[in-house]
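Here the structure is laid out as structure tokens; the discussion comes afterwards.
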Amino acid sequence: MARDHANESAPRPNLKDHGREALREHFARDGLPAYRADQVLSWLYGRGVDDIEAMTDLPAQLRDRLAGTWDTRALEIGEVQVSLDGTRKIVLRTRDGEVIESVLIPEERRNTLCVSTQIGCPLACSFCATGKMGMVRNLTVAEIVDQLMRAREVLPEGDLISNIVFMGMGEPLLNLAAVKEAIRIFTDPRYLAMAPRRITVSTSGVVPQIRPLLEIGPINLAVSLHATTDEVRDELVPLNKRFPLDILLGALRDEELISRKRPVFFEYTLMAGTNDSLEDARRLPRLLEGIPGKVNLIPMNPHPDASYQPPSSEVCDAFAAEVHASGLRVTLRRNRGRDIDAACGQLAARGQTRRSAPATDSQD
Ligand code: SF4
């Protein structure tokens, strides 16, 4: 069992806030040899054991010392909602009483976990439920990593999470240091050993942080585009006023780390009467010319916080066909988890009391 420090006033450091190098440095400062950090990380990630007392290859005295200094769990599961299509929304509680959500998407040959990086989001995209919450705070590294560890507990035994997408609550590139350290932990070959190619980080277009993100390794970049003119994108993604289309797409065009082998995934949410015209479909390939990329079309997921609606399936098909005719790679994504508000843009911890809510709360 994990130790319960919920009533202690000052938060304690969490072992999961550090990748291997950082934890070795911490331990060295405390006079502990580097291999002790490796042993601890093997327990945390290799075996999924959070209880320091159960780390039996550590001397008892060291276990007591570590247990008196460090926390190991950052999140507890509040509730798991299962969609008709098998998608699971995992509602998680932080140590300070906040609520976040992850989404687990089982498919035939893979299990994808969509993780959150912030509580709320400061970017206030007009179609997004998270944006309506405003910004509460960045998640810590441990809170990002623990989303994976808790999701593993939800999967049937023996099943693994094969893919991670940073597309949950928040803008990952506004919490870049934590996102990068979490990716280091996910991809460390000694522990969770996820292939960087199976990790995708999505941004609404925080241009100065794109290069620093790509430098971490061959992970995938997704860009939430959603419009083909500045006028419409200013309304949908207000960050566009700071980094308009020519700046964002120009930066991607000039980025040496983007190539045909490492293309950009452009996310484009189709909203009826807003960005779904054939003119948009013709403008899109011209805008993206010179950027190795692929377009994912996602029909809008309606929710009570926004008035946008999905176009008819005929309009979606016609839009996709027009983009396809240009030679651009395009997919029309099937929505997952719409019935439990787990689809893109729907995450908002709706119905959850932020502080001190009991674990049995239900969502609307
Ligand atoms: S779409 Fe992403 S960046 Fe925009 S408000 Fe929602 S969470 Fe934030």
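Of note:
- All of (1) buried (at least 18 other Cβ atoms within 10 Å of the Cβ); (2) in contact with an Asp or Glu (Cβ under 8 Å, 6 or more places away or on another chain); (3) farther than 15 Å from LEU213 by Cα hold for GLU181 with one exception: (3).
- Once segment 131-173 is narrowed to residues that are within 16 Å of the ligand (Cβ to nearest atom) and more than 12 Å from the chain's Cα centre (by Cα), the residue that is surrounded by the fewest Cβ atoms within 10 Å (Cβ to Cβ) is GLY134.
- Count - residues of segment 207-219 that are within 16 Å of the ligand (Cβ to nearest atom) and over 17 Å from the mean Cα position of the chain (by Cα): 2
- Hits in segment 253-277 - residues which are hydrophobic (A, V, I, L, M, F, W, C) and over 24 Å from the mean Cα position of the chain (by Cα): ALA272
- In the condition set (1) at positive phi; (2) without any contact (Cβ under 8 Å) to a residue 24 or more places away in the chain, GLY337 is compliant with all but (2).
- Residue among ARG110, ARG47, ARG63 that alone is at pLDDT below 95, away from the ligand (no atom under 16 Å from the Cβ) and outside the structural domain of MET149 (by TED's automatic domain parsing): ARG47
- Number of residues in segment 174-205 that are among the polar types (S, T, N, Q), within 16 Å of the ligand (Cβ to nearest atom) and more than 22 Å from GLU108 (Cβ to Cβ): the value is 4.
- Failed item, numbered, when LEU252 is tested on (1) more than 14 Å from the ligand (Cβ to nearest atom); (2) in contact with a strand residue (DSSP E or B) (Cβ under 7 Å, 6 or more places away or on another chain); (3) farther than 20 Å from GLY290 by Cβ: (3)
- Considering (1) at pLDDT below 95; (2) assigned by TED's automatic domain parsing to the domain that holds LEU225; (3) buried (at least 19 other Cβ atoms within 10 Å of the Cβ), the lone condition that PHE319 does not fulfil carries the number (1).
- Pair list, Cβ < 6 Å and 6+ apart or interchain, from segment 33-56 residues that are of a type in the set (Phe, Trp, Tyr) to residues that are surrounded by 15 or more Cβ atoms within 10 Å (Cβ to Cβ): TRP43/VAL49; TRP43/MET55; TYR45/TYR191; TYR45/LEU192
- All strands (runs of 3 or more DSSP E) inside segment 1-110 with 1 or more residues being among the basic types (Lys, Arg): 88-94
- On inspection, ALA222 passes the criterion of being closer than 22 Å to ARG333 by Cβ, within 16 Å of the ligand (Cβ to nearest atom) and in a strand (DSSP E or B).
- Test for GLY134: is it assigned by TED's automatic domain parsing to the domain that holds THR187 and touching a strand residue (DSSP E or B) at 6+ places or on another chain (Cβ under 6 Å): yes
- When segment 195-206 is limited to residues that are over 11 Å from the mean Cα position of the chain (by Cα) and surrounded by fewer than 21 Cβ atoms within 10 Å (Cβ to Cβ), the one that is farthest from GLY250 (Cα to Cα) turns out to be ALA195.
- Just one residue in the set GLU256, GLU181, GLU267, GLU231 is outside any loop (DSSP other than H, G, I, E, B) and more than 24 Å from THR117 (Cβ to Cβ); that residue is GLU231.
- Residue that is part of a loop (DSSP other than H, G, I, E, B) and buried (at least 18 other Cβ atoms within 10 Å of the Cβ), where the choices are ASN301, ASN240: ASN301
The values are calculated or read from the model by the stated rules, or taken from the named source; none is laboratory data. Keep in mind it's a predicted model, so treat the numbers as computed, not measured. Virtual Cβ from ideal backbone geometry, glycine too; neighbours counted across all protein chains shown.
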